[in-house]
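Structure first, then comments.
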Amino acid sequence: MFSREESKKLTQEFWTTFGKKYERQWILYNTKIKEIQMKFTFDRKIAQVSLDISSSDPVIQEYYYEKLISLKKMLKSEYLPQARFEENYLLPEGKTVSRIYVQLDNVSIHNKNDWQQVQAFLAENMLKMETFFRDFEDFIRS
């Protein structure tokens, strides 16, 4: 068991080493579509690369999610075969988003032996997610 302070320190160390190893300007929040963000997640159980759709207006959120659903076959066949689609994904803080993601199970940010595998997973899959987004950005935005 790790104390809160130890956990925080390991988390900071992971993301610092990841940033140094993969020096790249990721899109993340800079999609130029307010309701769409790309995210890295790594905690005590899983690692994820996701594209999240979030809006205070459920109609707008559903609009973007349906656009991405229409691209599901293309995303899975050409970019991320393991992609999962969840219209109502509950975040740890209790907020619900629509999420398209790939996940690596049974890894922990507290286990440094997992870090190299997770860093490669995050970088490789975010690059594919970004490529997909850029390739279809005009369609998603319209």
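Every number in this text was worked out from the coordinates using simple rules, so none of it is lab data. Just so we're clear, the structure is a prediction, and the values are computed from it rather than from any experiment. A quick note on method: Cβ atoms are made from the backbone with ideal geometry, for glycine too, and the neighbour counts reach across all protein chains shown.
Using the structure shown, decide if residue 100 is among the aliphatic types (A, V, I, L, M) and closer than 14 Å to residue 126 by Cα.
yes
Quick check on residue 9: is it over 16 Å from the mean Cα position of the chain (by Cα) and in a helix (DSSP H, G or I)?
yes
Scan segment 1-45 for residues that are aliphatic (A, V, I, L, M) and over 23 Å from residue 64 (Cβ atoms) and report the count.
The number of residues fulfilling the criteria is 2.
State whether the residues of segment 89-99 include one that is surrounded by 14 or more Cβ atoms within 10 Å (Cβ to Cβ), among the acidic types (Asp, Glu) and over 11 Å from the mean Cα position of the chain (by Cα).
The answer is no; no qualifying residue exists.
So, of the residues in segment 42-53 that are in contact with a helix residue (DSSP H, G or I) (Cβ under 9 Å, 6 or more places away or on another chain) and surrounded by fewer than 18 Cβ atoms within 10 Å (Cβ to Cβ), which turns out to be farthest from residue 120 (Cα to Cα)? Lay out the reasoning, then the answer.
Filtering segment 42-53 down to residues in contact with a helix residue (DSSP H, G or I) (Cβ under 9 Å, 6 or more places away or on another chain) leaves 42-44, 47-51, 53.
Still in the list and also surrounded by fewer than 18 Cβ atoms within 10 Å (Cβ to Cβ): 43-44.
Working: 43: 16, 44: 17 Å.
Looking at residues that are in contact with a helix residue (DSSP H, G or I) (Cβ under 9 Å, 6 or more places away or on another chain) and surrounded by fewer than 18 Cβ atoms within 10 Å (Cβ to Cβ), I get 44.
So residue 125 clears everything in (1) outside any helix (DSSP H, G or I); (2) touching a Leu at 6+ places or on another chain (Cβ under 7 Å); (3) buried (at least 20 other Cβ atoms within 10 Å of the Cβ) except one condition, right? Which one?
Result: residue 125 fails condition (1) only.
Which condition number in (1) surrounded by 11 or more Cβ atoms within 10 Å (Cβ to Cβ); (2) under 20 Å from residue 138 (Cα atoms) is the one that residue 102 fails?
Every condition holds for residue 102 apart from (2).
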